[in-house]
Amino acid sequence: MPIKKPINLNQGSFLNPADKKIVVILDSEDILTLITQELKTRYSPETQKILLEQSSQLLPDFVLQELLKRQEEVVNVNPDTLIVVNCQLAEIEVDDLGFDLNVEAYFVIADTTGQNQFRANKIVLWSNIWGDEERLVELEDELGEQFWTHYQIQLLFDEKEHPTIELEVSQTDDYPARLEFYPSLKMFSPSIVPFSTLTEKYWE
């Protein structure tokens, strides 16, 4: 029985016919660089001003007040001091629009008084893995009923012999962060401090 060749999708992604998994090839250094650049841009004074102006026009007052409270914590920070200290993959999604890699990025940034702040961002990195229409038809023939309904994803990191997917930032949300100590593991683990209960109810 001949071995089925992988169905190439867009750059850095293909379907493995043997197990029906969509393989996505990623470069960890590229991801870190993209996240760092996005965070430094986001915490610039110019970006913070634009975000505040946009929020004041679109959000209810109680949600806006929550955002203002959070922004006060980062209004006098120096983006050049930002250092990403931890990244965690939160969720992986694939739909008819493409591939989403949800990342929780934890970082340290100094304010104008020299005090360091520990912050987090939920960042969605997006890529069009599907390619052109001809490749989609080939993929549909291979997957059958599974097409557009359910995908199994396999991530490969730092495969130097293969091209990686091209990622861009599609969404980012700021949060305060904290470190929690787990005695049984003898380690600290970062976590996000969520919105207030009132604001969470609004987003639900």
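The values are calculated or read from the model by the stated rules, or taken from the named source; none is laboratory data. For clarity, every value in this text was computed on a predicted model and none was experimentally measured. Every residue, glycine among them, receives a Cβ derived from its backbone with ideal geometry; neighbour counts consider all protein chains shown. These area figures cover heavy atoms from the full protein model, side chains too; ligands, DNA and RNA do not enter into them. Shrake-Rupley method; radii C 1.70, N 1.55, O 1.52, S 1.80 Å.
Listed residues ILE153, ILE92; which is modelled with pLDDT of 90 or more and surrounded by 12 or more Cβ atoms within 10 Å (Cβ to Cβ)?
None of the other options fit; the residue is ILE92.
Here are some residues: ASN78, ASN16, ASN10. Which one is over 29 Å from GLN154 (Cα atoms) and at pLDDT 80 or above?
ASN78
Somewhere in segment 48-68, is a residue at pLDDT 70 or above and open to solvent by less than 60 Å² (accessible area, probe 1.4 Å)?
For segment 48-68, residues at pLDDT 70 or above and open to solvent by less than 60 Å² (accessible area, probe 1.4 Å): absent.
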